[in-house]
Amino acid sequence: MATQPQGSNLCAVISVQRGNKTGRFAHTIYQEDLQQQQRLEKEKREAIKEADEWNKYLEDALRSGARVEPGLLGLEIVNIDHKARHTKFYSSTKVVVR
């Protein structure tokens, strides 16, 4: 967020209460704040995509017989049961680094 108000657009502070949280917000949201939000969302999408690709690679390697180098971290494939969240039962797997 912008740390310094730009110009004289900051003429009021809006107080908002949601549930048990109260927030104070500047009256004006600057373009640089919106651009920063866009950059962060793009970086987040790219990071999620890269992590998904790594997970797929690691899962394929493990299923193909690759061994994990001894050390502090380990790798395993975990079954996930989706029955509680969906009417139709299905399960999937995910790679977990511990």
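Please treat every number below as a calculation from the coordinates, not as lab data. Predicted model only: the values in this text are computed from it and were never measured.
Structural remarks
- Gain in span if fully extended, Thr28 to Ser64, counting 0.36 nm per residue against the direct Cα distance: 7.4 nm
- Placed amide H near Thr93: partners under 5 Å, 5+ positions off or other chain: Ile80
- Additional length obtainable on full extension of the chain from Gln35 to Lys94, 0.36 nm per residue less Cα span: 17.9 nm
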